[in-house]
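Enquirer: This structure is in structure tokens; I'll ask about it shortly.
The values are calculated or read from the model by the stated rules, or taken from the named source; none is laboratory data. Not measured: the values here are computed from a predicted model. For neighbour counting, all protein chains shown are included, and Cβ atoms are generated from backbone atoms with ideal geometry for every residue, glycine included. Surface accessibility is based on the protein's heavy atoms, side chains included, excluding ligands, DNA and RNA. Shrake-Rupley method; radii C 1.70, N 1.55, O 1.52, S 1.80 Å.
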Amino acid sequence: MAYRVEIHKRDGVLSVEAQDGDNLLQVLRTSGISIDTPCAGKGICGKCSVRVSGIEGGPSENERLLLGSSMLGRGYRLACNCTVTSDTMVYTDDSKNEAVIITAGVQRDIDICSVVRKKYIELTPPDIEDQTPDMERLLAGSGMTAGSDMQPLLRRLPSVLRDADYKVTVVEADGKLISAEPGDTSGSLFGAAFDIGTTTVAAYLYDLNSGDLKAVDSMLNPQRKYGADIISRINHTKQSEENLIEMRELITDCINELLKSLAGDAGISCDEIYHAVFSGNTTMLHLLNGLDASALAISPFIPVTCGLLQLSAAQGGIAINSNGILTDIPCVSAYIGADTVAAVLSSGMYERDGISLLVDIGTNGEIVLGGREWLMACSTAAGPAFEGAGLRCGMGGVTGAIDSLAAGPDYGYTVIGNDAPAGICGSGIIDAIAVLLDEGVVDETGKLAGSSNWDSLPDETRKRLADIDKMRSFVIAGENESSTGESIIITQKDIREIQNAKAAIAAGIDTLLHSAGIGYDQINRVYLAGGFGSSIHISSAARIGLLPRSLADRVTAIGNASGSGAAECLLSNIMLKTSEDIAKRIRYIELSASAYFMERYVDNMLFL
Ligand code: FES
């Protein structure tokens, strides 16, 4: 039996057909509706809420917990929990996706010596005395050897040579001929660097002759619809060959769209781009290459390969010049990927004296310790709480998110996009917990003050404490201030989620230090990599114990260090080789079997 599902969006109404028993989230996805699904439809993140009518059957326990009575009363449900059993109307908020994506990172001064180069040459035309074939003539005239895939060039070569009277520009990669163009085009050579994050994809277009940055763009990773975390995405690809192909196409389409946008902004054609370099975690690079990532998700966590991968653009389905090359920066292990290697490269910590600590906080936190002499790294599962998932009013760093909170009695906040607030993102909640700890509203065990112990609190603070849906909560913005008509609150459960996440990062740092046999006082500098690291307030992160307090004055946020590292590898063959060296030098410390990590995890749950 088929039913009508009427989807009301910001820009109009879409009417689609659904079968009896279809999952509402699936119906929305197949109708092209972009909807946040950090938990991949498991019903535990609370982010796929939509206003519906026509759904039979009441809300589940999780919906009661995650949405609260007020939202349920207004007709909100979790799409992934709803089954279509009659004609249904859905109201989506498809404005939620305007993410603030950090693309800027540190820029080191490096010598430009790109893997791909161009050279203009003038060949002697053939005659009856000289019947050398075209390709042999080109190789002899250029002094190069043939690249691995000459087929595309062989097909075009007769016209390339004759169109410009044997005056041509040859394109080489690592000394091997990969292409030729008629006339002198040596002044035009471009490359693109990509940082493929689990949440966002950042893209940079460079002039490979001058090293100038010509354009920057970014997008949300379209694979998010299969979950915010890599395990959900791997699980999706394990279900069928088609799913793996789809996952690959989602990211290659995204990259090709970004390439088009970069080329448009710079006023060039994608054909002028001859090299693309990719950084990303190990799973993202597996999915980009269509590699089976299943073994990354189960012990003993084995990648198909960690090596530096190079293939032709045509093979990789990436829309640069079809004779161009694609390079993946090497990884270290299943959970220390090319993004970490690239961040170590661009931070410069691998060649510095003294000891540096690099921390990239995300769903997985990657931590690297060391310097010129040695490097070691670990990865710790912080969970999605810092990205707002699983929190009552949590949301990513998108328009409408409260991203900072000041102390009482006013508890002033700032909102991304300066809109009325719709929720709170990771940096906002870290500030909030730091403020509440300082004011004694939250104690060192993470407990929010109750009526039995709030006598010492100022009136303005007490007024914000309430039991909402049977859960102790602190109100940051009242329902009259918010854009949703709901109060923006932090619940006791939210604080527990943040405690788990910060304890995982802090315990990872402690375990690396323990493995190296050093203390905090021996660390000379701390690099905070990644978009989240750039948005948090260091003092608040130190106050809640996400970062060691004694290191707070040594912290430098280095933005999208993975993107910067990818750019360095694009611009310099030496940096690309250095990235290989870094990947080999990093000793990976596995935390899942570490008793010391567990011990420190429990200790770090406290807000000391
Ligand atoms: S996708 Fe529905 S609750 Fe997470």
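Enquirer: Out of all the residues in region 365-379, is one or more closer than 21 Å to Thr199 by Cα, at pLDDT below 95 and in contact with a Ser or Thr (Cβ under 8 Å, 6 or more places away or on another chain)?
Expert: Yes, the conditions are met somewhere in region 365-379.
Enquirer: I would also like to ask the following. Only one of these conditions is not met by Ile429: (1) touching a Lys or Arg at 6+ places or on another chain (Cβ under 7 Å); (2) within 20 Å of Met71 (Cβ to Cβ); (3) assigned to a helix (DSSP H, G or I). Which number is it?
Expert: (1)
Enquirer: Here is a follow-up. Among the residues of region 414-428 satisfying the criterion of being open to solvent by 10 Å² or more (accessible area, probe 1.4 Å) and among the β-branched types (Val, Ile, Thr), which is farthest from the chain's Cα centre (by Cα)?
Expert: Looking at residues that are open to solvent by 10 Å² or more (accessible area, probe 1.4 Å) and among the β-branched types (Val, Ile, Thr), I get Thr414.
Enquirer: Return yes when Pro38 is within 20 Å of Pro222 (Cα to Cα) and surrounded by 16 or more Cβ atoms within 10 Å (Cβ to Cβ) and no when it is not.
Expert: yes
Enquirer: May I ask you to list the residues in region 110-120 that are of a type in the set (Lys, Arg) and open to solvent by 70 Å² or more (accessible area, probe 1.4 Å)?
Expert: Passing the criteria: Arg117, Lys119.
Enquirer: Hey, could you check region 121-144 for residues that are open to solvent by 80 Å² or more (accessible area, probe 1.4 Å) and in contact (Cβ under 8 Å) with a residue 24 or more places away in the chain and say which is nearest to Val168 (Cα to Cα)?
Expert: Per the stated criteria, the residue is Glu122.
Enquirer: Could you tell me whether any residue of region 331-342 is more than 19 Å from the chain's Cα centre (by Cα) and at pLDDT 95 or above?
Expert: no
Enquirer: Within region 521-558, can you find the residues that are open to solvent by 40 Å² or more (accessible area, probe 1.4 Å), under 18 Å from Asp403 (Cβ atoms) and not in a helix (DSSP H, G or I)?
Expert: Passing the criteria: His537, Ala557.
Enquirer: Kindly evaluate Ser572 against the criterion of being over 30 Å from Thr414 (Cα atoms), among the polar types (S, T, N, Q) and open to solvent by less than 70 Å² (accessible area, probe 1.4 Å).
Expert: So Ser572 fits the description; yes.
Enquirer: A further question follows. I'm checking my understanding of the structure. Among residues of region 212-237 that are under 19 Å from Ala104 (Cβ atoms) and open to solvent by 20 Å² or more (accessible area, probe 1.4 Å), which one is modelled with the lowest pLDDT?
Expert: Only one residue fits best here, namely Leu220.
Enquirer: Check region 289-303 and report whether any residue there is of a type in the set (Val, Ile, Thr), over 20 Å from Ile582 (Cα atoms) and part of a helix (DSSP H, G or I).
Expert: no
Enquirer: Of all residues in region 263-288, which are closer than 21 Å to Thr237 by Cα and part of a loop (DSSP other than H, G, I, E, B)?
Expert: Answer for region 263-288, where residues must be closer than 21 Å to Thr237 by Cα and part of a loop (DSSP other than H, G, I, E, B): just Asn281.
Enquirer: Take the residues of region 39-88 that are farther than 20 Å from Cys393 by Cα, part of a strand (DSSP E or B) and at pLDDT 90 or above: which is nearest to the ligand (Cβ to nearest atom)?
Expert: Residue satisfying both the conditions and the ranking: Thr83.
Enquirer: Answer with yes or no whether Ala180 is of a type outside the set (S, T, N, Q), at pLDDT 95 or above and out of contact with any strand residue (DSSP E or B) (no Cβ under 7 Å at 6 or more places or on another chain).
Expert: For Ala180, the condition - of a type outside the set (S, T, N, Q), at pLDDT 95 or above and out of contact with any strand residue (DSSP E or B) (no Cβ under 7 Å at 6 or more places or on another chain) - is not met.
Enquirer: Kindly indicate whether Glu246 is in a helix (DSSP H, G or I), acidic (Asp, Glu) and over 26 Å from Leu570 (Cβ atoms).
Expert: yes
Enquirer: Taking region 1-38, which residues are out of contact with any strand residue (DSSP E or B) (no Cβ under 9 Å at 6 or more places or on another chain), away from the ligand (no atom under 16 Å from the Cβ) and not charged (D, E, K, R)?
Expert: The answer is Gly12, and nothing else.
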